[in-house]
Amino acid sequence: MNSGAEAGRQAHAGPEENGTRTKQVLLVNGWSDDNKGDAAIVQGFHSLLAAAADRVGLQLRLGIVSNFSRDSEDFDYHYRHSRRSFEAGIFGAIIPTNLRDAPGGAMGKGIRRAGQFLTSLLTLAFPTRSRPPWLSSAQAETLAQFQRASMVVSKGGHIYASTGSPLSLLGLYSNLYPLLLAQRLRVPTGVYAQSIGPVRGGLQRMLVGGALERCDFVYVREERSREYVRQLLPNVGPDKLQLVWDTAFGVTGEALQPETARKLPPEFVAVTVRQWRFPYSPDGVRGRLYEQYLNSMADVVRRLVAEVGTQVVVVPQVIGPTALENDLVAGQQLAERLVGLDGVTYLTEDLTAGQLRQLYSRATMLIGTRFHSVILALSALTPAVAISYHGFKTKGIMQMLDLASYALDIGSLSPDELWERVRAVFDVRDEYRAHLRARMDDVMAEAASEADRAVAVMAA
């Protein structure tokens, strides 16, 4: 461990409360409870780390730094389900994401972006100012939380990647900024259950590599991310860089509302679909690939109803906060391809991550595009076919569970291939469940051990 990190750790040691040492940990890059996968990541992190802290007599006070401005009118809405996880509070971003168009058009947006960039650089240059005049009162409060934090942790997800474009560079800088700020303040930092890479562009790789090199731990959630970090940091040690389980495996089930439970058939296959623009494919084929995906899903739903005789429930795993993230849109597009087909239920409820886990536990199987729907289903011992659409996470985690043959690529999806895989899982669902029952005990034991290691770093 470098001397700067050690000095930072001593400077930010937690106080004693009722004879128990307390550490305030800030999770950064908080998104929205509209995205149930993100909410599952946060809630699972809280559950795993709180239990690990209890085992060593440490009290963790968890706060989160949002991607949104504290002054935005719907700020509290984004944490309506998960706010109970944040004992230390919820704080706004210094570089906020804006979900709504503001006056001024493209020029106004560019001016605001430039102002945010300048503000962030000034804060990096003078991070110990108690009330910088260039920050709003809400931003100054966020800075104060960084100054008093015992540790800053980048929560799970897939945000440290770049296509190499200027816009992608700005997005990468915004996502890295909380780590960069904490490191300027000599506050210990860590990355927990992230997917990392690919990062295109020399400056982008330098930014990611520099931030990760100064972290106390870098925990990634699939082997390809670990290999990518090793390319960025050839000398990284095995204690610092470790493979861990996605924290969403730590989510526990919550009871469904009676009105939702009544909509569920006695036996059903659950399906999650999402909008996808195929950003890594040529412009001219993106629309065709999306049509192929939706048509493949529709064909399989028809076959499930007609040939297997089971009902299907289409579940919105994500309902925002951006229009592109709203699975209700993809669900409606699927419904348009299934007009007149009986036996399909389309849910619209705003469910918590725990309620979704409970819902998937009642399904015969899941066909999941949203990968955190797959994680919640698998953790509830429900067999799943996963459709990979972005990065390493889907295929990597399915491989870790010895389920790689049940992960398909959205870009090459065809009705026959998808049906073959779905029918295979349906036919061996009892054996699949037995496999999950045997594996999940190990997964949760390993996840607890990983949380113990992270808490040991926080407690040092």
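The values are calculated or read from the model by the stated rules, or taken from the named source; none is laboratory data. In this text the structure is predicted, and so the values were computed from the model without any measurement. Glycine gets a Cβ as well: all are built from the backbone with ideal geometry, and neighbour counts include every protein chain shown. Surface accessibility is based on the protein's heavy atoms, side chains included, excluding ligands, DNA and RNA. Shrake-Rupley method; radii C 1.70, N 1.55, O 1.52, S 1.80 Å.
Here PRO103 fulfils each of the conditions (1) modelled with pLDDT of 90 or more; (2) farther than 29 Å from THR352 by Cα; (3) open to solvent by 20 Å² or more (accessible area, probe 1.4 Å) apart from (1). Of the helices (runs of 4 or more DSSP H) lying entirely inside the stretch 365-447, the ones with 2 or more residues being under 18 Å from the mean Cα position of the chain (by Cα) are found at 371-379, 393-400.
Residues in the stretch 352-364 that are over 16 Å from the mean Cα position of the chain (by Cα), open to solvent by 10 Å² or more (accessible area, probe 1.4 Å) and closer than 23 Å to VAL42 by Cα: how many? Count: 3.
Of all residues in the stretch 221-243, those being in contact with a Gly (Cβ under 9 Å, 6 or more places away or on another chain) and more than 16 Å from LEU207 (Cα to Cα) number 6.
Consider ARG221 carefully, then state whether it is more than 28 Å from PHE117 (Cβ to Cβ), free of Cβ contacts under 8 Å to residues at least 60 places away in the same chain and not aliphatic (A, V, I, L, M).
Here the answer is no, as ARG221 does not meet what is asked.
The combined condition, being free of Cβ contacts under 8 Å to residues at least 60 places away in the same chain, within 18 Å of ALA182 (Cβ to Cβ) and hydroxyl-bearing (Ser, Thr, Tyr), is fulfilled by SER130. Among the residues of the stretch 74-95, is any among the acidic types (Asp, Glu), at pLDDT below 90 and more than 19 Å from ALA40 (Cα to Cα)? Within the stretch 74-95 (the criterion being among the acidic types (Asp, Glu), at pLDDT below 90 and more than 19 Å from ALA40 (Cα to Cα)), the answer is no, since none of the residues qualifies.
On inspection, THR369 fails the criterion of being free of Cβ contacts under 8 Å to residues at least 24 places away in the same chain, closer than 18 Å to ALA40 by Cα and in contact with a Ser or Thr (Cβ under 6 Å, 6 or more places away or on another chain).
Residue by residue, here is whether (1) of a type in the set (D, E, K, R); (2) at pLDDT below 95; (3) open to solvent by 40 Å² or more (accessible area, probe 1.4 Å) holds:
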site	(1), (2), (3)
ALA384	no, no, no
ASP416	yes, no, yes
VAL425	no, no, no
ARG433	yes, no, yes
ALA445	no, no, yes
ALA448	no, no, no
VAL455	no, no, no
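The residue that is modelled with the lowest pLDDT, among those in the stretch 1-50 that are more than 23 Å from LEU143 (Cβ to Cβ) and of a type in the set (Gly, Ala, Ser), is SER3. Kindly indicate whether any position in the stretch 237-248 is in a helix (DSSP H, G or I) and open to solvent by 90 Å² or more (accessible area, probe 1.4 Å). No, that holds for no residue. Inclusion of MET151 among residues that are surrounded by 22 or more Cβ atoms within 10 Å (Cβ to Cβ) and aliphatic (A, V, I, L, M) is warranted. Within the stretch 198-209, how many residues are assigned to a strand (DSSP E or B) and surrounded by 22 or more Cβ atoms within 10 Å (Cβ to Cβ)? Residues that pass the stated criteria total 1.
May I ask you to say which residue of VAL199, VAL271, VAL236, VAL208 is at negative phi, out of contact with any His (no Cβ under 8 Å at 6 or more places or on another chain) and at pLDDT below 95?
VAL199
Checking each residue in the stretch 314-360 for being in contact with a Pro (Cβ under 9 Å, 6 or more places away or on another chain), β-branched (Val, Ile, Thr) and part of a loop (DSSP other than H, G, I, E, B) picks out only THR348.
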